[in-house]
Amino acid sequence: MVWQIWTSAIVSLAITQHYLITLSVQAHYHLLNIELRQVIDECRLLSFHSQRRGAFMTRCCSLADQVENIAKFQSQLHSIVNHLEKVFGIEGLILYGGYYLLSIATAYMIYSILKSGHESLQMSFMSMIISFFLCFFYYMDAILDLINILNLLDDHETMIRLLEERTLFAHTLDVRLEQSVSYFWHNHK
């Protein structure tokens with residue numbers, strides 16, 4: 001029993017770590033999308049300026065630097081996600097196998113309680129309620145982790161959609177800025 005509690009605690013700690021890392025990456029993706037939206041909006045405004053003065057070129061270079069910084073940071077976030085997949089991949093498979101087994105056990109326990117009553121299983125009413133609460137929170141943890149991962153994928157897709165807006169720019173922008181945005185889009189689609 002001590003071994004089971006110890007193993008459960010380690011798995012719970014790993015799940016919590018995975019959840020927090022994924023949440024952090026998703027929050028950074030969200031902030032990058034906000035920053036990228038601002039850069040793209042400013043590029044769109046600049047693309048229709050007919051002026052080719054020093055301030056225009058300086059602003060284009062500044063925007064190109066921002067796009068490159070966003071691309072570097074997004075690349076780091078993507079490598080974190082890839083590393084998470086490698087580290088937690090087998091553990092996740094085992095964990096979701098555990099969810100499957102627990103769902104079978106929960107269904108059997110509910111069936112047995114409904115058919116025979118909790119007294120025939122030698123369960124008190126309080127232990128039955130505690131068991132259901134533990135199952136509920138166990139599944140809620142899995143659902144929250146899944147929602148977090150789906151939100152991360154949505155933020156990545158949002159970034160790709162933002163980068164696809166580069167085709168709306170006029171061709172009067174600085175070459176470096178156009179290359180930065182195009183390079184970022186080609187590497188992250």
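The values are calculated or read from the model by the stated rules, or taken from the named source; none is laboratory data. The shown structure was predicted, so the numbers you read here are calculated from the model rather than taken from an experiment. Glycine gets a Cβ as well: all are built from the backbone with ideal geometry, and neighbour counts include every protein chain shown. Note: areas computed on protein heavy atoms with side chains; ligands, DNA, RNA excluded. Shrake-Rupley method; radii C 1.70, N 1.55, O 1.52, S 1.80 Å.
Would you rank 37, 161 by solvent-accessible area, highest first, keeping every protein chain in place and using a 1.4 Å probe?
On the way: 37 75, 161 135 Å².
Greatest to least solvent exposure: 161, 37.
Given 0.36 nm per residue, what is the gain on full extension from residue 130 to residue 73 after removing their alpha carbon distance, in nm? Before the final figure, lay out each step's value.
Working: separation 57, 0.36 × 57 = 20.52 nm, distance 4.47 nm.
Between residue 130 and residue 73, full extension yields an extra 16.1 nm.
Keeping all protein chains in position, work out how much accessible area residue 132 exposes to a 1.4 Å probe, and write it in Å² to the nearest 10.
It works out to around 70 Å².
Output ³J(HN,Hα) for segment 122-127: one whole-Hz value per residue in order, computed from phi by the Karplus curve 6.51 cos²θ - 1.76 cosθ + 1.60 with θ = phi - 60°, and x for Gly and Pro.
Coupling constants for segment 122-127: 6, 10, 7, 4, 5, 5 Hz.
Would you please give the FRET efficiency between residue 102 and residue 20, computed as 1/(1 + (r/R0)^6) with r the Cβ-Cβ distance and R0 = 25 Å, to the nearest 0.05? Intermediate values should be presented prior to the final figure.
Values: r = 23 Å, r/R0 = 0.92.
So the FRET efficiency works out to roughly 0.65.
Based on the alpha-carbon gyration tensor of segment 64-175 and its eigenvalue square roots a ≥ b ≥ c, which shape applies: rounded if a/c is under 1.5, prolate if not and a/b is larger than b/c, or oblate?
Numbers: a/c = 4.89, a/b = 3.47, b/c = 1.41.
The shape class here is prolate.
What accessible surface, in Å², does a 1.4 Å probe find on residue 34, ignoring ligands, DNA and RNA and rounding to the nearest 10?
Its heavy atoms expose roughly 80 Å² to the probe.
Rounded to whole Hz and in sequence order, give me ³J(HN,Hα) for segment 63-71 from the Karplus expression 6.51 cos²θ - 1.76 cosθ + 1.60, θ = phi - 60°, writing x for Gly and Pro.
5, 4, 4, 5, 4, 5, 5, 4, 5
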